[in-house]
Amino acid sequence: MTASAWDAIFGFEKVSLCDWPGMNASVIFLGGCNMRCPTCHNYNLAWHSHEMTVYPRTEIEAYLKARQRWIDGVVITGGEATTVAGLADLIRDLHTLNMPVKLDTNGMRPDVVQELLRLNLVDLFAVDVKGPYRKYPQLTGGTTQPDEAERNLGAIFAMAEMHPQSFLFRLTHVPALSDTDVEEARSYLPQGFTLKIQSYVPPRRPHAETDTETGRLSGDLVHRTDFTGHPEGPESQRH
Ligand code: SF4
């Protein structure tokens with residue numbers, strides 16, 4: 001049976017005013033990630049989604065149908081959405097509800113981004129540039145080597161040059177980055193693009209403490225179906 005990306009949704013934020021500039025958006029959180037960033041706010045979602053409860057598709061569809069006049073679009077974030085099988089079909093399903101889609105990505109699956117572009121399924125890709133390529137191993141928990149980061153982001157930048165209206169780039173200024181590092185990362189962008197710098201905000205939950213073994217912050221910003229209220233983090237903490 002073909003995998004459905006609906007079965008990889010582990011969080012749903014009904015209304016967000018900060019995830020898609022100028023839009024009242026709902027936010028879908030997909031589980032799984034190809035990185036292990038030490039500063040990840042959503043590590044349960046990214047690495048342990050198999051222990052989480054799938055957010056019911058029927059609830060999301062019912063909500064979006066009932067709020068079509070008020071919700072301008074849907075942001076798909078993660079985890080890393082491009083690692084999820086059936087992503088294109090999920091987006092098509094959202095289009096049947098008249099929902100344009102913004103996709104957050106760490107840029108390491110340019111093949112998926114290229115295909116979504118070709119199919120004209122995504123209105124806006126928000127791509128994270130983690131820092132200078134040479135620091136990717138440190139910034140991503142050893143998952144991504146400098147040459148890999150350069151190759152994949154280079155492919156994304158080439159797409160952005162062809163479709164400038166479809167891309168924006170952002171960098172979260174985590175403690176491991178100096179101002180010089182930020183400028184180095186900024187220099188990678190194609191002409192005409194700006195790098196949105198987002199402040200790093202440590203998790204605010206009372207039990208968010210540093211994990212002494214891995215050096216990462218514990219805590220998880222994603223809605224569990226058994227939680228109420230909004231995730232704690234601003235847009236900058238999605239990735
Ligand atoms: S910060 Fe983003 S890219 Fe990094 S592990 Fe977490 S979800 Fe994945």
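List of remarks:
- Number of positions in region 82-112 that are among the β-branched types (Val, Ile, Thr) and either at pLDDT below 95 or closer than 20 Å to residue 46 by Cβ (or both): 5
- Residue check, residue 76 on the phi < 0 side of the Ramachandran plot, in contact (Cβ under 8 Å) with a residue 12 or more places away in the chain, within 16 Å of the ligand (Cβ to nearest atom) and not in a helix (DSSP H, G or I): yes
- So residue 87, is it within 16 Å of the ligand (Cβ to nearest atom), farther than 17 Å from residue 169 by Cβ, touching a residue at least 40 places away in the same chain (Cβ under 8 Å) and surrounded by 15 or more Cβ atoms within 10 Å (Cβ to Cβ): yes
- Within the option set 153, 177, being within 14 Å of the ligand (Cβ to nearest atom) and either in contact with a His (Cβ under 9 Å, 6 or more places away or on another chain) or in a loop (DSSP other than H, G, I, E, B) (or both) holds for one residue only, 177.
- Only residues that are over 16 Å from residue 6 (Cα atoms) and either over 12 Å from the mean Cα position of the chain (by Cα) or in a loop (DSSP other than H, G, I, E, B) (or both) were counted across region 40-50, and they come to 6.
- On the stretch given as region 42-52, residues that are touching a strand residue (DSSP E or B) at 6+ places or on another chain (Cβ under 7 Å) and not aliphatic (A, V, I, L, M) total 4.
- Residue match in region 127-144 (condition: of a type in the set (Val, Ile, Thr), assigned to a strand (DSSP E or B) and more than 16 Å from the ligand (Cβ to nearest atom)): no
The values are calculated or read from the model by the stated rules, or taken from the named source; none is laboratory data. These numbers were taken from a predicted model, which means no experiment stands behind them. Note that each Cβ is placed from the backbone with ideal geometry, even for glycine, and that neighbours are counted across all protein chains shown.
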